[in-house]
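Novice: Would you mind keeping the following structure in view while I ask a few things?
The values are calculated or read from the model by the stated rules, or taken from the named source; none is laboratory data. All figures in this text were calculated on a predicted structure; none of them were measured in a lab. We place every Cβ from the backbone using ideal geometry, glycine too, and count neighbours over all the protein chains shown.
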């Protein structure tokens with residue numbers, strides 16, 4: 001079946017509609033196994049909405065059963081909530097030096113023990129002996145008299161931490177205002193005080209490897225002295241890498257792939273010159289590596305989810321050959337044939353792409369199916385001028401390792 005030609009755009013529309021159902025289902029909130037702690041210290045197991053840390057800092061969205069009613073809790077309604085084996089949050093009263101009028105908020109729990117370390121959006125907080133102190137972010141501040149003013153980087157958080165750590169003869173002089181540095185410091189302090197609790201944190205970074213095969217249906221339109229539409233269909237194969245930060249947000253990925261494409265395009269055009277009819281068959285063999293780079297957004301957790309990907313692409317040519325077969329029909333009906341080779345300028349195309357897919361967990365692996373549309377420069381042209389455009393339609397089936 002040819003997906004290009006006159007049916008190319010309708011095929012895309014049909015594919016989008018076929019994927020619209022799972023995407024509409026995915027628009028529901030991503031609930032994961034978790035809990036809330038009421039103000040009377042009763043813990044209720046259920047399902048907590050997985051959302052950004054900014055949203056979780058003000059509202060917890062919860063339901064007791066999979067099909068139960070959804071309830072929203074503010075920091076004054078519960079004392080804590082969390083998602084099992086992922087993140088936990090606690091209700092705190094922000095110190096006035098951080099936000100004088102903010103009041104109670106949810107802060108993510110990073111460490112617990114003799115000293116507790118929390119994070120509310122971009123601010124870290126330290127609790128020791130029931131005393132909650134904010135660690136001010138570093139900032140540039142002016143020093144000196146107006147006529148001799150200099151700007152220096154203020155790191156007041158270092159002084160606060162050094163005071164807190166005195167009893168273990170520790171200091172924070174080399175600690176950056178980063179989650180990793182501060183977490184390592186407070187965990188070491190709690191171990192020194194022999195009062196620590198291990199809190200499982202999502203990894204800071206994760207790399208997933210992709211292995212996949214696919215089917216490419218492509219239309220290549222050339223428009224210079226003549227207009228030629230090429231059609232090419234082929235099997236493809238590729239590998240990929242997806243980089244994410246589960247500690248920040250585990251549904252957003254940076255994606256890079258390498259897809260080997262060996263395609264055969266065939267085009268035809270005709271023209272009349274000096275009363276004779278000229279027919280041309282253009283046969284184009286090209287091998288290239290398609291390199292798509294972009295972002296993937298999953299609508300739910302990694303076990304089973306629709307996802308959306310988009311980005312840019314680059315397709316360096318490995319090898320190519322072009323043959324043009326000419327037939328000349330004169331006014332007496334006589335036919336003469338000739339053949340030409342490599343009579344086109346070629347370039348390495350760049351493009352943009354968007355894809356919709358579905359990923360499902362199977363035997364501890366992620367199996368995925370994806371439909372991708374790419375609009376790119378064609379192979380004909382050179383760096384200063386582009387004489388062709390390509391519309392590519394891909395189907396992929398693969399596994400995330």
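Novice: Between 347, 364, 309, which is surrounded by 14 or more Cβ atoms within 10 Å (Cβ to Cβ) and closer than 30 Å to residue 399 by Cα? Reasoning before the result, please.
Specialist: Details: 347 fails: closer than 30 Å to residue 399 by Cα; 364 fails: surrounded by 14 or more Cβ atoms within 10 Å (Cβ to Cβ).
Among 347, 364, 309, only 309 is surrounded by 14 or more Cβ atoms within 10 Å (Cβ to Cβ) and closer than 30 Å to residue 399 by Cα.
Novice: Would you mind telling me which numbered condition in (1) in contact with a strand residue (DSSP E or B) (Cβ under 6 Å, 6 or more places away or on another chain); (2) farther than 24 Å from residue 226 by Cβ residue 279 fails?
Specialist: Condition not satisfied by residue 279: (2).
Novice: List the strands (runs of 3 or more DSSP E) inside region 85-155, counting only whole elements, that have at least 2 residues being in contact (Cβ under 8 Å) with a residue 24 or more places away in the chain and over 30 Å from residue 301 (Cα atoms). Show your work before the answer.
Specialist: Working: elements: 87-93, 104-113, 115-120, 123-128, 131-135, 139-143, 150-154.
Fully inside region 85-155 and qualifying: 123-128, 131-135.
Novice: Consider residue 173 against the criteria (1) surrounded by 13 or more Cβ atoms within 10 Å (Cβ to Cβ); (2) free of Cβ contacts under 8 Å to residues at least 24 places away in the same chain: it satisfies all of them except one. Which criterion is unmet?
Specialist: So residue 173 meets the others, but not (1).
Novice: Go through (1) loosely packed, with under 15 Cβ neighbours inside 10 Å; (2) in contact with a helix residue (DSSP H, G or I) (Cβ under 9 Å, 6 or more places away or on another chain); (3) modelled with pLDDT under 90 and name the single condition residue 203 misses.
Specialist: (2)
Novice: Still on this structure: Within region 62-73, does at least one residue satisfy the condition of being closer than 26 Å to residue 187 by Cβ and surrounded by 14 or more Cβ atoms within 10 Å (Cβ to Cβ)?
Specialist: We begin by selecting, within region 62-73, every residue closer than 26 Å to residue 187 by Cβ; these are none.
No, there is no match, as no residue in region 62-73 is closer than 26 Å to residue 187 by Cβ and surrounded by 14 or more Cβ atoms within 10 Å (Cβ to Cβ).
Novice: Within region 100-127, which residues are touching a helix residue (DSSP H, G or I) at 6+ places or on another chain (Cβ under 7 Å) and surrounded by 17 or more Cβ atoms within 10 Å (Cβ to Cβ)? Step through it out loud before you land on a result.
Specialist: Step one: filter region 100-127 for residues touching a helix residue (DSSP H, G or I) at 6+ places or on another chain (Cβ under 7 Å), giving 106, 108, 110-111, 113-115, 117, 119, 121, 124, 126.
Answer for region 100-127, where residues must be touching a helix residue (DSSP H, G or I) at 6+ places or on another chain (Cβ under 7 Å) and surrounded by 17 or more Cβ atoms within 10 Å (Cβ to Cβ): 106, 108, 110, 111, 113, 114, 115, 117, 119, 124, 126.
Novice: Which numbered condition trips up residue 235, out of (1) surrounded by 14 or more Cβ atoms within 10 Å (Cβ to Cβ); (2) under 14 Å from residue 393 (Cα atoms)?
Specialist: Going through (1) surrounded by 14 or more Cβ atoms within 10 Å (Cβ to Cβ); (2) under 14 Å from residue 393 (Cα atoms) one by one, residue 235 breaks only (1).
Novice: Considering (1) within 30 Å of residue 401 (Cα to Cα); (2) assigned to a helix (DSSP H, G or I); (3) touching a strand residue (DSSP E or B) at 6+ places or on another chain (Cβ under 9 Å), say which one residue 207 fails and leave the rest.
Specialist: Unmet for residue 207, out of (1) within 30 Å of residue 401 (Cα to Cα); (2) assigned to a helix (DSSP H, G or I); (3) touching a strand residue (DSSP E or B) at 6+ places or on another chain (Cβ under 9 Å): (2).
Novice: Go over the candidates 180, 213 one by one and state the one that is at pLDDT 95 or above and either surrounded by fewer than 13 Cβ atoms within 10 Å (Cβ to Cβ) or over 30 Å from residue 382 (Cβ atoms) (or both).
Specialist: Working: 180 fails: at pLDDT 95 or above.
Matching residue, one of 180, 213: 213.
Novice: Looking at (1) under 28 Å from the mean Cα position of the chain (by Cα); (2) in contact (Cβ under 8 Å) with a residue 40 or more places away in the chain; (3) surrounded by 15 or more Cβ atoms within 10 Å (Cβ to Cβ), which is the one condition that is false for residue 248?
Specialist: Status for residue 248: all satisfied but (3).
Novice: Every residue in region 326-342 that is farther than 13 Å from residue 281 by Cα and loosely packed, with under 10 Cβ neighbours inside 10 Å, please.
Specialist: 331, 332, 333, 334
Novice: Pull up region 218-248, narrow it to residues that are outside any strand (DSSP E or B) and in contact with a strand residue (DSSP E or B) (Cβ under 6 Å, 6 or more places away or on another chain), then point me to the one that is modelled with the highest pLDDT. Break it down stepwise before answering.
Specialist: Of all residues in region 218-248, those outside any strand (DSSP E or B) come to 224-226, 246-248.
Subsequent filtering for residues that are in contact with a strand residue (DSSP E or B) (Cβ under 6 Å, 6 or more places away or on another chain) retains 226, 246.
On the way: 226: 73, 246: 86.
Checking each candidate, the answer is 246.
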